[in-house]
1. Put A:234, B:80, A:130 in order of accessible area, largest first, 1.4 Å probe: what do you get?
2. Determine Rg/Rh for the protein assembly as shown; Rg is computed over alpha-carbon atoms and Rh is the Kirkwood hydrodynamic estimate from the same atoms.
3. What range in chain A is the longest one free of chymotrypsin sites (Phe, Trp or Tyr not before Pro) that are in a loop by DSSP and have at most 15 other Cβ atoms within 10 angstrom?
4. By how many degrees, between 0 and 90 and to the nearest 10, does the Cα long axis of helix B:139-153 differ from the longest principal axis of chain B?
5. Heavy atoms of the protein only, probe of 1.4 Å, neighbouring chains included. What is the accessible area of residue A:298 in Å², nearest 10?
6. With a point put 7 Å past each Cα toward its Cβ, work out how far residue A:201 is from residue B:126 in nm, to one decimal.
7. Counting each DSSP H run of 4 or more residues in the protein assembly as shown as -39500 (n - 2.57), what helix-only mean residue ellipticity at 222 nm follows after dividing by all residues, to the nearest 500 deg cm²/dmol?
8. What part of the accessible area of chain B, given as a whole %, is carbon or sulfur when the probe is 1.4 angstrom?
Amino acid sequence: MTERKPILRVKDLKVYYHTDRGSVRAVDGVSFTMHEGESFGIVGESGCGKSTMAMALLGLVVSPGTIEGGQIFLDGTDIFTLDRELIRKIRWSQISFIPQGAMNSLNPVMRIGSQIADVITTHQGYQPEKILRKRIQKLLSTVGLPHRVYRMYPHELSGGMKQRVCIAMAIVLEPEVIIADEPTSALDVVVQRVVMQTLVDVQERLGAALILIGHDMGLQAQVVNRQAVMYAGKIAEIGEVKTMYKNPLHPYTKLLIESLPTLQLRHDFQGIPGLPPSLLNPPKGCAFSNRCPYVMEHCREAMPKLVEIQPNHFVACHLHSEVIK
Amino acid sequence: MWLYLRYVFGRFAIFIITIFIAITIVFIVPRFVPGDPLFAVTSKLAEMGGSRGSPELVEEYRKLFGLDQPVLTQYLYYLKELSKGNLGYSIANFPATVTELLMRSLPWTIGLLSVATVISWLIGTFIGAISGWGGKESKISKVLVPLALGLYTIPYYILAIILIFLFVYVWGIFPISGGYTPGFPIKFSLPFVLDVIKHSILPALSIILISLGWWFLSMRSMIVLLQGEDYILLAQAKGLSDRRILWRYAFRNALLPQVSGLAISLAHIVGGAIILEKIFAYPGVGWLLYNSITELDFPTIQGGVLVVIIALTAANFILDLIYPLIDPRIKYKRG
């Protein structure tokens, strides 16, 4: 991979939800860097903080959630230092979002055309309807939708079509970063593939950086260059997909990859026994220690740090930090 | 467009069927009431010192009202007369027909109630939306929510009495009762219109203030609920201004139950207006119905009930026509 300009840099991001029972550490010290045009995957099971992180990147953390610390640099600007109005201007024009449930993400009482036009007129000012329509219809064709969708309501579209509308909407202002939060989880596998292909095509044409959030490692592996594995609000491992699949360093990554079905190998699939720890009272040591088959005494005592073991391959695990010592 | 026409046609059929059933019930119910209507009338005449009349005379009247005919014939006759707008004679105000009485009182009720309801709905809905959008912490919510809760729990006739006490006895700003100053020439002129407005302010105010609390609270809770919706979140991610998200995304969707609420509340208000019009001696349908019930004026009660039913059904029909314009999903679901 050639070295490209970093477009998004997350440094020690902490997002907590303050509840009556204490603080839920949904995102707890996450750092990563993304480069221009790169596609970057974030995988993890439900509740590991991946969607919360997407919200933080959009500056959309709402009460009871708060940003407890860290910085997010988008094209060199720390977005937490910006005021509301400036963040609002950055949203969509520089960083856009494809939501998890496209089913409910479109306003049911507005035509598709108007919902996309809203973005254009908000960020680029008033434009006559005729120009807007041409532009939006052209956009709809790029994601494989017919022109008539412009005048249709969300309930007249299938799930896959709605997801395409969301993709079209995400690229209308040609942003530098697109965050896709499980964009295909609500679709069946056939449509899933087609929609994912559409997403990758438009991303490549635009040269935008793509953050693909999901729980399906297999699906991500086909699409992204680099991947981060998240567990209990922290990053367990980051690396290039190829290296990570060949040589997973973190036991969690290893178990996740082993749980994927393959055509060659037919065996009884092993899940990972146990559940992630409560983010309300995270354990003192490694969050994975209670499920880890390689757990050591030390793991329950001290939190492992994210260390670069090989070039561009980071892991947070005591098994590997000892190697370095 | 074709779908919309099919929807309208379906709604219209339901409208006609409802009215037909209502008409039939209004015909049947009094005939289950024990006793003889003519006996009731002649007894009343006798009480007032007149003669009860000979059996021949009663028989003559029985023929005149068609009561000697079989029920089916009576029913067909009733439908025929109804189609001509003939609701029969009032017993209490004999030479006057029921239609005349209703025509005289309907404009008062429709004018007062529709204006009051719409004003209250509009204000409550808009303030509720703004307050709900601001969230629990906003200053207007902190003041308006307890106020609305307080207003909403007061029965409107109590509020009406309080209003009369304050505005009539203490400050003497508004007239105590009636629809206009007695003796004023009833014609469409500016002084008369002003006089009517002056008389309608207190009854209207008691309706507006009470129902305002409800409209405010329901719209507010709807908006608060919608703030968690995915399409609101996406609208925020799109970088739209708060104002645009509120009016084009949240408000438009919160409006749907609010419009249904308007239809339902029309029913409640028409029923409840009997007490209100009694308190203010307001010359509307409620006042007419109140008087005819105390005087057992059956034709007028029937006519009044019929008009109320038709008005309500028509209101619902009109709202049904409006629904698809605010919610595009409806014509498919209910068409």
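1. A:130, B:80, A:234
2. Rg divided by Rh gives 1.16.
3. The segment A:127-268 is the longest one with no such site.
4. Computed tilt is about 20 degrees.
5. 80
6. A separation of 4.8 nm, rounded to one decimal place.
7. When only DSSP H runs of four or more count, the value is -17000 deg cm²/dmol.
8. That fraction is 73 percent.
The values are calculated or read from the model by the stated rules, or taken from the named source; none is laboratory data. Keep in mind that this is a model prediction, so the values were computed, not measured. Heads up, the Cβs are rebuilt from the backbone with ideal geometry, glycines too, and the neighbour counts pull from every protein chain shown. All accessible areas refer to the heavy atoms of the entire protein, side chains included, with ligands and DNA or RNA removed. Shrake-Rupley method; radii C 1.70, N 1.55, O 1.52, S 1.80 Å.
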